[in-house]
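Worksheet: the structure to be examined is printed underneath.
The values are calculated or read from the model by the stated rules, or taken from the named source; none is laboratory data. These numbers were taken from a predicted model, which means no experiment stands behind them. FYI the Cβ positions are ideal-geometry reconstructions off the backbone, even for glycines, and counts take in every protein chain you see. Keep in mind that these areas ignore ligands, DNA and RNA; they rest on the heavy atoms of the full protein, side chains included. Shrake-Rupley method; radii C 1.70, N 1.55, O 1.52, S 1.80 Å.
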Amino acid sequence: MTRDKVQRHSRTVRILHWMIALSGLALIFTGMGELPMYQRYNLTKVPGLTWSGDFQLNLVLHYLFSLVFTSAAFFHAVYHLRRREFAALPQRGDVKESVLIVKAMVTGGEEPPHGKYLAEQRLAYGAIALSAAVLIATGLVKSYKNLGAIVLDPTLLQVVTLTHTTFTMLFLVLFLAHVGAFLLKANWPLIPTMFTGRVSREYARKRHGKWEI
């Protein structure tokens, strides 16, 4: 660690972040591949994606990536719980503070002082965590059903499937919003942190004055 840099994310946190992000995207892709849409929209004609129209292959890959996603999400929760690291969790007043942050960005005014995470980052984290939990729960029910271990009521199965699909779309929207946030110049210094784990000490003091570094 150098004097002009401060540690924001540990190596473990960065590895888990990329495991969840990449496996989550793979789950969305393979999940959609179980629908008859890739052949319909000629995605299978794209070089290297001829396999995307194979239902059975998509199903197997979906299960494999779900193992990665679920394991990483579970480890992430246990890791931070044991270390009592709760700075990313939503807090009271985050909605109001997020409005003030957006207003400051639009008008060029001064933002309220921040801790390690901005209010909208905490809200986004909470929404992504909730959607991930619902996806894991509903995915387990669907997987258990596919094993033939239980026979679900058709109405209940429809509800589970609809919930899984809805939260898949929500997860995708949240992911795009998360990535889109880095289009804002104020957030550019945070981009390297998910690769190196470090951020400029000057930036941390200037924008995250409430963060004890």
Item to check | Gain upon complete extension [Lys210, Ser71; 0.36 nm per residue less C-alpha separation] | outcome: 46.8 nm
Next on the checklist: If packing is taken as the average number of other Cβ atoms within 10 Å across a peptide's residues, how do 16-29, 49-62 rank, most packed first?
Outcome noted: 16-29, 49-62
Next on the checklist: Just to confirm, what accessible area per residue do you get for the chain at 1.4 Å probe, in whole Å²?
Outcome noted: 65 Å²
Checklist entry - Zone of Asn146 (label point 7 Å along Cα→Cβ, backbone N under 17 Å): which residues in the stretch 11-28? => result 23-28
Checklist entry - Could the peptides 134-140, 182-188 be put in order, highest first, of the mean number of other beta-carbon atoms found within 10 Å of their residues? => result 134-140, 182-188
Item to check | Met37-Val106 pseudo-label distance in nm [points 7 Å out on the Cα-to-Cβ vector] | outcome: 3.2 nm
Checklist entry - Can you list the equivalent-ellipsoid semi-axes of the chain, largest first and in whole Å, using the square root of 5 times each Cα gyration tensor eigenvalue? => result 37, 19, 18
Checklist entry - Per 10 Å bin from zero, what fraction in whole % of the C-alpha pairs of the stretch 139-213 is there, up to the bin with the longest pair? => result 15, 28, 18, 16, 17, 6
Item to check | Those lysines that a straight Cα-Cα span of less than 22 Å connects to Lys116, excepting residues fewer than 8 apart in one chain | outcome: Lys5, Lys96, Lys103, Lys185, Lys206, Lys210
Item to check | Convex hull volume per residue for the stretch 115-168, taking Cα atoms only, in Å³ | outcome: 73 Å³
Checklist outcome for this item: With all protein chains present, the chain has a carbon and sulfur share of its accessible area (1.4 Å probe) in percent of 67 percent
Item to check | Dipole of the chain [Lys/Arg +1, Asp/Glu -1 at C-beta], most positive-end residue of Ala88, Trp51, Leu61 | outcome: Ala88
Item to check | In range of the label at Ala137: residues from the stretch 73-114 whose backbone nitrogen is under 17 Å from the point 7 Å along Cα→Cβ | outcome: 73-74, 77
Item to check | Net charge contributed by nearby residues that have their C-beta within less than 12 Å of Glu111 (K/R +1, D/E -1) | outcome: +1
